[in-house]
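The values are calculated or read from the model by the stated rules, or taken from the named source; none is laboratory data. Everything numeric here is computed off the predicted structure, so don't read it as measured data. All Cβ positions, even for glycine, are placed from backbone atoms using ideal geometry, and neighbour counts span all protein chains on display.
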Amino acid sequence: MRGCFLDVGSMGDGLDWDALTGAVDDWQCHHNTTREQVAERVAGADIVVTNKVVLDADTLENADKLKLVCVAATGFNNVDVDAAARCGIAVVNVTGYATPAVSQHVLALMLAHATRWASYDTAVKRGDWAASEFFCLLDYPIEELAGQTLGLIGHGELGQAVGRLAEAFGMSVLVGERPGATSIRDGRVAVDELLERSDMISLHCPLTDDTRHLIDADALARMKNTAFLINTARGAIVDSAALIAALKDGEIGGAALDVLDQEPPPADHPLLDPAIPNLIVTPHSAWGSRGARQRMLEGVTANIQAFLDGEIRNRVN
């Protein structure tokens, strides 16, 4: 049995790899894999592990020995799951590994917007505090999370964890119904209503045909002009051009993104323009605590071991 991990470098340092490497006798581990290298590296492998390397239909259809694709993530939009199914290749993912890391990152972004700590840190280092005639600086508006309404689009394990943390800060939580749904379940509200009522909105849904550019110009226009949008899900859920226009025009109060529609982004990606007001961008790092990455690796190992034992665990196709 031969295994191939296409992008071990994306997992970072400081992890224990013994269990994974011991599960399969023959491993080929690559720091990263370009689009041009994928077909050659997948050829002859029984098991392929990918974090973000794309496995398209052509690659899968020509991988004669391939039986299992392990996505080292929860989202699996980098794999053509329909083509894999046609080829008899199981695609499996890992869920729940990053809940503590991502949920605390979301709260950190909310607090960064509410407290304006980055602006105050810059002001202090610039000398503004030392030059003040008063004991404090109050140059940037500070908000309290208590009493605000958080809208969650996506209410799986991550969304639920963020909701619990928000409630601990005294926030009210709205849960959006699935985009495109024809009925509203108890305890949920239509997405349009959520957009209109929420002070902060956090995205935790997968990227699908129904959610691609879910947050477009129309959605942004429905939001309060003080609303704060947070995306730690997938970049393409938000229409980048529409978000930039909304921020520049003051149509919403701000946004924080841990994901973009192209990763890594080109240096001239429109959302990296420092002139965009009230925008925080972090480099897809919400999931990256050591604990989360180790749990991810353990989840991949468990998926492979189940496959070797004749079972398919966490199948997505």
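When LYS125 is tested against (1) of a type in the set (Lys, Arg); (2) touching a helix residue (DSSP H, G or I) at 6+ places or on another chain (Cβ under 9 Å); (3) assigned to a helix (DSSP H, G or I), only condition (2) is not met.
A quick yes/no check of all residues on (1) in the same structural domain as VAL259 (by TED's automatic domain parsing); (2) under 20 Å from LEU257 (Cβ atoms); (3) of a type in the set (A, V, I, L, M, F, W, C); (4) touching a strand residue (DSSP E or B) at 6+ places or on another chain (Cβ under 6 Å):
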residue	(1), (2), (3), (4)
ASP128	yes, no, no, no
SER132	yes, no, no, no
ILE142	yes, no, yes, no
THR149	yes, no, no, yes
ALA168	yes, no, yes, no
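Every condition in (1) at pLDDT below 95; (2) within 23 Å of THR99 (Cβ to Cβ); (3) of a type in the set (Asp, Glu) is met by GLU167 except one, and the failing one is (1).
Restricting ALA275, ALA242 to residues that are in contact (Cβ under 8 Å) with a residue 24 or more places away in the chain, outside the structural domain of THR74 (by TED's automatic domain parsing) and among the hydrophobic types (A, V, I, L, M, F, W, C) narrows the list to ALA242.
The set of residues in segment 50-95 that are in a helix (DSSP H, G or I) and charged (D, E, K, R) comprises ASP58, GLU61, ASP82, ARG86.
Applying the condition of being among the aliphatic types (A, V, I, L, M), outside any helix (DSSP H, G or I) and modelled with pLDDT of 95 or more to segment 196-222 and asking which residue is surrounded by the fewest Cβ atoms within 10 Å (Cβ to Cβ) yields LEU214. When ASN225 is tested against the conditions (1) surrounded by 14 or more Cβ atoms within 10 Å (Cβ to Cβ); (2) more than 18 Å from HIS155 (Cβ to Cβ), the lone failure is (1). Within segment 160-177, identify whether any single residue is assigned to a loop (DSSP other than H, G, I, E, B) and within 18 Å of the chain's Cα centre (by Cα), and answer yes or no. The answer is no; no qualifying residue exists.
Which one of the conditions (1) within 26 Å of ASP239 (Cβ to Cβ); (2) assigned by TED's automatic domain parsing to the domain that holds VAL91 does ILE304 fail to meet, given that it meets all the rest? With respect to (1) within 26 Å of ASP239 (Cβ to Cβ); (2) assigned by TED's automatic domain parsing to the domain that holds VAL91, ILE304 is out only on (1). Of the residues making up segment 279-317, those that are touching a residue at least 60 places away in the same chain (Cβ under 8 Å), in a loop (DSSP other than H, G, I, E, B) and not hydroxyl-bearing (Ser, Thr, Tyr) are ALA286, TRP287, GLY288, ILE312, ARG313, ASN314, VAL316, ASN317. Residues of segment 62-90 that are in contact with a helix residue (DSSP H, G or I) (Cβ under 7 Å, 6 or more places away or on another chain) and loosely packed, with under 15 Cβ neighbours inside 10 Å: ASN62 alone. Being touching a strand residue (DSSP E or B) at 6+ places or on another chain (Cβ under 6 Å), farther than 27 Å from GLN262 by Cα and either assigned by TED's automatic domain parsing to the domain that holds ARG234 or not in a loop (DSSP other than H, G, I, E, B) (or both) is not true of ALA181. Residues in segment 22-33 that are more than 30 Å from ALA233 (Cα to Cα) and either surrounded by 15 or more Cβ atoms within 10 Å (Cβ to Cβ) or within 27 Å of the chain's Cα centre (by Cα) (or both): ALA23, VAL24, TRP27. Scanning segment 273-282 turns up one or more residues that are among the aliphatic types (A, V, I, L, M) and more than 22 Å from ALA114 (Cβ to Cβ).
For segment 267-317, a residue qualifies if it is hydrophobic (A, V, I, L, M, F, W, C) and closer than 30 Å to ALA242 by Cβ, and the qualifying residues are ALA267, LEU271, LEU272, ALA275, ILE276, LEU279, ILE280, VAL281, ALA286, TRP287, VAL316. Summed over segment 241-271, the residues that are hydrophobic (A, V, I, L, M, F, W, C) and closer than 18 Å to SER119 by Cα give a count of 4.
For segment 34-48, check the following and say yes or no: at least one residue is buried (at least 19 other Cβ atoms within 10 Å of the Cβ), in contact with a Phe, Trp or Tyr (Cβ under 6 Å, 6 or more places away or on another chain) and assigned by TED's automatic domain parsing to the domain that holds ALA90. No.
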